[in-house]
Structures are given as structure tokens and as C-alpha cells.
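Reviewing the structure listed below.
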Amino acid sequence: MPMDPFEVQPLPDEEPTDSAILPAHDGELAAESLKGRAGFLRSMARVFSENKLAVASLVVLIFIVLFCFVGPLLYSSNQTDANSALLNSVQNSPPSWSHPLGTDDSGFDVMGRIMYGGQIALIVGFLSAIVATIIGVAYGALSGFFGGWFDALAMRFVDIGLSIPVLFLLIALVAIYRPTASLLIFVIAAVSWLVPARLIRAETLSLRTREYVQAVRTFGGSRSRIIGRHIVPNSVGTIVVFATFDVADSILLLAALGFLGLGVPAPQTDWGTMLSNGVNYASNGYWWEIYPVGFAIVLVVVALNYIGDALRDALEVRLQRN
């Protein structure tokens, strides 16, 4: 049969594209995506490292965490048995070789007490910040995404919560229930999620109108997919920065509760409770019961604030240099 000169004939060595070209193309896209993420992380680390105060603050924070959690393994002291402490040490003893930071009114070693109280402060601070951030992100994302009457109603609840003095609400909640470390985590988180809810809501109102979100809607993407895969990940800068600052705020709130006598019950302690007990003996010149723990609180809070500032700069797209 004669060949039609206008008919396109397949090449004899042509390979199917489904099994050869497409997988290679997908692999290239995946490699480019990983390379882009690695480049962003390197750029973020470079911007962060240029902030010398933030790097020093990170070193200080790591040191304090090691001091509180690893220190008791190297420096053993009784922090749980008040009777034994009274029998085996002198009350309100000044710093010495056996007690580098002296003892308190119960005979407890102050340096060991700072380690012990620091564990409670850091655990409550970090966990309450995580819980508050999770609740605030979910609440704010849903409010901003759905909008309309739902957004208006949800934000009125946030406004009511923000209008109540935080410390007053904390005192009321802690006074009703017996304060424990677990309760303090959720009580502090209960008053801390309002700010991230408002921040993420504002981010969501901006992100939900972007072209890629509209494209996902057009192709039938579910609401949960849009929020979980596109809106929340693109708000990660705001989330990380807030969480860092909220850890410092939570530690200060816990210190305030402890100073008012509403901290964790004895024989447990926290930095605020230690500061409150030390103030009672300030007029007697027992400085070692006040200054070391006060310095620890200030050091952690200042370090977290410098780290938060540096993270905000590092995650800001405008500051990412090629």
C-alpha cells in the first residue's frame, strides 16, 4: 500500500514518555524543591547569625537549659525533703564552698533550688506557649478563612478575652483549682492564645485571596487542605516569632503567680516563688535569696526576646539576600 506523504510516521526508536520522561521530570521538581528549601534555611541561618546579640542569647538560653536539666546530675542537692534540709544545713546561710549561693530560710541550697525551679519555669513556659500557639493558630485560621458572621462572632470573643486583665484572670483561675505544673500550663495557655488568634486571622484574611489559594479552590481542594497545606504553612514566620515571645511572657506570668503565692505547691518551687520568699528577708541583707534567681529570670526573658527579634528578621522575605 503506498505511503501517504502527509501522514506522520513514528520514529522507530521512540520510547514511551509515561515511564521514562515523567518520572525523571517529577524527580527534578522534587530535587529543585528540596534545593530551594535548603537555600532558604541557609539564608535564614545567615541572617540570624549576623545578629550577634541573638547568637549570644541563643548560647545563653542553651546554657540555662543545660544548667537546669543537666546541672542537678552534676551538682546533687536535696530539694524535696524540707525536714532533712533543716537538719543538715543552716538556714539563710551565706555563700560558701559547700553552698556556692547559700541556703534559704528552709535550709535548701539556693543554687540547687534555682536549677529545680528553673525546670518548672522552662517546662511551663515552653509547653504553655506551644499549647497557646496551637489553639490560637487553629482559631485564627478558621475565623479568617470563613469570614462573614463567623469571623465577626469569633473575634468578639477574642476582644472580650483581651479586655480582661491577664493577671486578674490567672489569679481567678488558679484560686479556684489547686495549682500544679500541668494546671499552670493550661491556665497560662488559656490567656495567651488570644494574641496569636488575632495575628493568624489577619494573615489568613490576606492569604485567602492569593492566586494559589483560588487555584486550589478551582480544582476542588477541600477547606481543610487549603488551611492546612497553604494558609498555615505560609504563616509560619508569624507563628514562630510569636511562640518565641510567648515563652518569655509565660515565664514572666508564672513568676508573677509564684511571687503572689499562687505558684506550684511545696516542696516544688519556681523562680517566682523563690523571689517571693527571698523578698521577706531582703531587709536582713540576705541578697543571695533574691539576686541570683532574679538574674536568672531577667537573663532568660531578655535572651528569648533577642532570639525572637532575630527570627523575625530572618523569616522576613524582604531581608533574605541572595
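Laid out as a table, the results:
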{"item": "In range of the label at Val279: residues from the range 155-195 whose backbone nitrogen is under 18 Å from the point 7 Å along Cα→Cβ", "result": "166-172, 175"}
{"item": "Of the chymotrypsin sites (Phe, Trp or Tyr not before Pro) in the range 214-322, those whose Cβ has at most 13 other Cβ within 10 Å and which sit in DSSP loop", "result": "Phe219"}
{"item": "MRE, 222 nm, helices only [DSSP H, n ≥ 4, -39500 (n - 2.57), over the chain, to nearest 500]", "result": "-23000 deg cm²/dmol"}
{"item": "Gyration tensor verdict on the range 28-161 (Cα atoms; rounded if a/c is under 1.5, prolate if a/b is larger than b/c, oblate otherwise)", "result": "oblate"}
{"item": "Axial C-alpha extent at least 27 Å, average Kyte-Doolittle at least 1.6 - helices from the chain (DSSP)", "result": "110-146, 236-259"}
{"item": "At q = 0.18 Å⁻¹, base-10 log of I(q)/I(0) for the range 141-270 (Debye sum, equal scatterers on each alpha carbon)", "result": "-0.97"}
{"item": "Unit Cα scatterers, Debye sum, the range 76-147: log10 I(q)/I(0) for q = 0.15, 0.24 Å⁻¹", "result": "-0.59, -0.96"}
{"item": "Three-way shape label, the range 91-196, alpha-carbon gyration tensor, a/c 1.5", "result": "prolate"}
{"item": "Kirkwood hydrodynamic radius of the range 206-322, Cα pairs, Å", "result": "17.7"}
{"item": "Those chymotrypsin sites (Phe, Trp or Tyr not before Pro) in the range 57-117 that DSSP places in a loop and that have at most 11 other beta carbons within 10 Å", "result": "Trp97"}
{"item": "Cα→Cβ-extended label distance, 7 Å offset, between Leu66 and Arg42, nm", "result": "2.8"}
{"item": "The chain: Rg to Rh, with Rh as the Kirkwood radius over Cα pairs", "result": "1.18"}
{"item": "Under the Karplus curve 6.51 cos²θ - 1.76 cosθ + 1.60, θ = phi - 60°, whole-Hz ³J(HN,Hα) for the range 75-91, x wherever Gly or Pro sits", "result": "10, 7, 8, 6, 10, 10, 10, 5, 5, 5, 5, 5, 6, 9, 8, 9, 5"}
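FYI, it's all coordinate maths here, none of it is from the lab. Since we're looking at a predicted model, the values are computed, not measured. With ideal geometry, Cβ positions are generated from the backbone for all residues, glycine too; neighbour counts draw on all protein chains shown.
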